[in-house]
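J.: First, the structure itself, so that you have it in front of you.
Please treat every number below as a calculation from the coordinates, not as lab data. Every value quoted in this text rests on a predicted model; they were computed, and no experiment measured them. Cβ placement follows ideal geometry from the backbone for every residue including glycine, while neighbour counts extend to all protein chains displayed.
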Amino acid sequence: MKLVQNSGVDRVIDLVQPYLKPGSQLGCVTPSFSLFAFAELRDALIKLERVQLILPPADDALEFMGREGDRANRNKIQARGLANQCAQWLPTAAVAGDAARRCENAIG
């Protein structure tokens, strides 16, 4: 097992991406769900056979607009378009609990 700091060159996306091949499956437990992480992985995600997301309980924030390190992405003014793409993709993913509704509510 490896603890990933998820910053700089130690990012979860970089570790997962080589395994996201068409027809594969992805199961992921994550404390947050960022539009910008979705944007980096969307081309691979839509080609997967199955995606299962397990997100934190309803009283935790999803950090849908990212963290401090995502400021440059937020400044690109692409969030609405990404949110729409994510909203179209979410029903195809198996999202545990009320997480799908929470994501859709965050998209607004």
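J.: Taking 30 Å as R0, compute the FRET efficiency from the Cβ-Cβ separation of ASP10 and ARG80 and round it to 0.05.
T.: Details: r = 30 Å, r/R0 = 1.01.
After rounding to 0.05, the efficiency reads 0.50.
J.: In nm, give the distance between the simple-model label positions of GLN88 and GLN25, each being 7 Å from the Cα along the Cα-to-Cβ direction.
T.: 2.7 nm
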